[in-house]
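The values are calculated or read from the model by the stated rules, or taken from the named source; none is laboratory data. All values reported here derive from a predicted model rather than from experimental measurement. Neighbour counts run over all protein chains shown; Cβ positions are idealised from the backbone, glycine included.
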């Protein structure tokens, strides 16, 4: 729990102390009255669809020792025992307090970004480091300014390493995250087409991701995917240590002899000239890349090869990331957490890695592709046809372009649906025992409801 004196909050956030309460310090920071604890500082965040100031009185009733607001009128009538801070921007106030707390620690802080794989890579790094260190890490994919700030504020006196995921939708956002976190190591997984609708090109996406490397100190370490030319180039001109990883070059950390099994992927990892075998309980070459990135980061911090090998062997992804279940004899690969063109292709190849009589896709719209959305959906359909699937069901208006690409690529069985319920009904007609079904789409499409519908509709034989 992050504790601060009132003077530290005032200084860190450049806040004006409207009223000094009874407590000379706060124990913890909260932005949510549903989970706030007595003695904490409540920061009233605001956004397009919410105003945390409306919950200031509730926070005080729950025991908040102090509140931070940007509208002084919300401080009127509060219990005089409660301290009130006034700032211009409460989100900036949260960031400043989080940065102040982060700078109390002289520990490695690892920032992880990339178009795909950053959450899995972050989780792998955390799992490996936890075999040796006390690690504070981003929970789930809370990778924006608020999530990152709360991660930093969760650092305790026991923290020996901090791992933070960094997401972005435009220029300057990773730079802002780096200002808060002051990372000492940066990991960049790849540059794809997610957010291309906002940034306009992959080169611009790379420029935005490079903000992480640009923010590292001169004695910092950059862990870069050597097989992605845009990521590889981020090491040029960097004054610190650059470690590249991949499959197609003589990198410091490299994978070779990749073999695909029904539910596993095996490869040989060579790390600083030490070679060892790895068995991942994950599908697809993209997870090998994530594991290589994690291996590089953790080896730099001194984790021995044996612990890396065991931690990767025990690793399981969180959420709807490659969740495999059998429903009435049908193998369902639920990768519905999110989607973009690159992660779609990776998932296609992962599904074909599994043993099945027939292979079917149930795909939803991909968001944030802007003016490229029709073209990229169409090309994803062509990719699905090229890789070779027996049928495709799409959900949503954009995925009709995906369906068109698949049909024009030669796929014979293609159905378009407006809802997940309709797609589940089509899938029940199409798939049978021994078949493999991949379910994927952007998070807002709620594609995870399709396996749930199948479990309910097809009986209790799912496991």
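A few remarks follow.
- Candidates in region 29-40 are the residues that are more than 18 Å from residue 80 (Cα to Cα) and in contact (Cβ under 8 Å) with a residue 24 or more places away in the chain; of these, the one that is surrounded by the most Cβ atoms within 10 Å (Cβ to Cβ) is 29.
- Tally of residues being assigned to a loop (DSSP other than H, G, I, E, B), under 18 Å from residue 100 (Cβ atoms) and under 10 Å from the mean Cα position of the chain (by Cα) across region 115-165: 0
Listed here are the residues, each with its yes/no results for (1) over 20 Å from residue 138 (Cβ atoms); (2) over 18 Å from the mean Cα position of the chain (by Cα); (3) assigned to a helix (DSSP H, G or I); (4) assigned by TED's automatic domain parsing to the domain that holds residue 137.
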site: 299; (1), (2), (3), (4): yes, yes, yes, yes
site: 307; (1), (2), (3), (4): yes, yes, yes, yes
site: 333; (1), (2), (3), (4): yes, yes, no, no
site: 336; (1), (2), (3), (4): yes, no, no, no
site: 339; (1), (2), (3), (4): yes, no, no, no
site: 343; (1), (2), (3), (4): no, no, yes, no
site: 347; (1), (2), (3), (4): yes, no, yes, no
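- Pair list, Cβ under 6 Å, 6 or more apart: region 429-444 residue surrounded by fewer than 19 Cβ atoms within 10 Å (Cβ to Cβ), other residue part of a loop (DSSP other than H, G, I, E, B): 433/329; 434/357; 443/338
- Residue in region 430-445 that is in a helix (DSSP H, G or I) and over 17 Å from residue 323 (Cβ atoms) present: yes
- Selection within region 80-102 - in contact (Cβ under 8 Å) with a residue 24 or more places away in the chain and in a loop (DSSP other than H, G, I, E, B): 80, 81, 82, 87
- Residues of region 1-28 that turn out to be out of contact with any strand residue (DSSP E or B) (no Cβ under 8 Å at 6 or more places or on another chain), part of a loop (DSSP other than H, G, I, E, B) and free of Cβ contacts under 8 Å to residues at least 24 places away in the same chain, as a count: 0
- So residue 61, is it more than 30 Å from residue 160 (Cα to Cα) and either in the same structural domain as residue 156 (by TED's automatic domain parsing) or out of contact with any strand residue (DSSP E or B) (no Cβ under 9 Å at 6 or more places or on another chain) (or both): yes
- Restricted to region 446-456, and to residues there that are touching a strand residue (DSSP E or B) at 6+ places or on another chain (Cβ under 8 Å) and in a helix (DSSP H, G or I), the residue that is surrounded by the fewest Cβ atoms within 10 Å (Cβ to Cβ) is 455.
- Answer residue from region 254-297, given it is crowded, with 22+ Cβ neighbours inside 10 Å and over 19 Å from residue 223 (Cβ atoms) and is farthest from the chain's Cα centre (by Cα) among those: 265
- Out of 105, 133, 142, sole residue that is out of contact with any strand residue (DSSP E or B) (no Cβ under 6 Å at 6 or more places or on another chain), over 19 Å from residue 292 (Cα atoms), surrounded by fewer than 24 Cβ atoms within 10 Å (Cβ to Cβ) and touching a residue at least 24 places away in the same chain (Cβ under 8 Å): 105
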